[in-house]
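The values are calculated or read from the model by the stated rules, or taken from the named source; none is laboratory data. What you see is a predicted model, and the numbers here were worked out from it, not measured in a lab. What goes into the accessible areas is simple: the full protein's heavy atoms, side chains included, and nothing from ligands, DNA or RNA. Shrake-Rupley method; radii C 1.70, N 1.55, O 1.52, S 1.80 Å.
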Amino acid sequence: MIFKDKALQLGYIALLCTVAFSIQAAYSKGVDNASMVAAHNKWRAKAGVKEQLTYSSELAIKAQTWADHLKLTNACKMRHSAADGKFGENLYWASALEWSDARSELQDVPPERVVDSWG
């Protein structure tokens with residue numbers, strides 16, 4: 001998707017990214033939505049974007065629907081959705097830690113690491 005306004009483009013992409021990862025709380029150790037949004041706003045400020053993001057439960061539902069679709073149909077392989085012209089997404093994936101004794105545990109991935117990987 002092409003935006004004429006760079007700030008608007010960053011806003012849409014970052015907001016969906018925030019939502020996409022923050023909904024993982026149901027499946028992981030939990031994500032602090034406020035920290036995720038703050039990490040995005042930090043990068044936006046570095047890019048000169050003054051408008052700050054806020055969390056959207058409506059976008060969280062859309063992001064969860066897409067994540068569930070990938071889980072059920074694509075073996076969790078990351079793939080972008082067919083954009084409807086309004087939103088884009090950055091994807092982040094981390095696997096569980098697996099030990100030689102067959103134990104596994106979820107990684108503790110802080111919001112800053114996720115957003116920094118995009119930034």
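Given the criteria modelled with pLDDT under 85, open to solvent by 100 Å² or more (accessible area, probe 1.4 Å) and of a type in the set (Phe, Trp, Tyr), does TRP93 qualify? Spell out how you get there, then give the answer.
Working: modelled with pLDDT under 85: yes; open to solvent by 100 Å² or more (accessible area, probe 1.4 Å): yes; of a type in the set (Phe, Trp, Tyr): yes.
Yes: the conditions hold for TRP93.
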Say whether the condition of being open to solvent by 30 Å² or more (accessible area, probe 1.4 Å) and modelled with pLDDT of 60 or more is met by at least one residue in the range 6-29.
no
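Would you be able to say whether some residue in the range 43-66 is open to solvent by 50 Å² or more (accessible area, probe 1.4 Å), of a type outside the set (A, V, I, L, M), outside any loop (DSSP other than H, G, I, E, B) and at pLDDT 90 or above?
Initial filter on the range 43-66 (open to solvent by 50 Å² or more (accessible area, probe 1.4 Å)): 43, 45-48, 50-52, 54-55, 57-58, 61-62, 65-66.
Subsequent filtering for residues that are of a type outside the set (A, V, I, L, M) retains 43, 46, 48, 50-52, 54-55, 57-58, 62, 65-66.
Pick out the ones that are also outside any loop (DSSP other than H, G, I, E, B) and you get 43, 46, 57-58, 62, 65-66.
In the following step, the residues that additionally are at pLDDT 90 or above were identified as 43, 46.
Among the residues of the range 43-66, at least one is open to solvent by 50 Å² or more (accessible area, probe 1.4 Å), of a type outside the set (A, V, I, L, M), outside any loop (DSSP other than H, G, I, E, B) and at pLDDT 90 or above, which makes the answer yes.
For every residue, the table says whether it meets (1) open to solvent by less than 70 Å² (accessible area, probe 1.4 Å); (2) in a helix (DSSP H, G or I); (3) not hydroxyl-bearing (Ser, Thr, Tyr).
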{"residue": "CYS76", "(1), (2), (3)": "yes, no, yes"}
{"residue": "ASP84", "(1), (2), (3)": "no, no, yes"}
{"residue": "SER100", "(1), (2), (3)": "no, no, no"}
{"residue": "VAL109", "(1), (2), (3)": "yes, no, yes"}
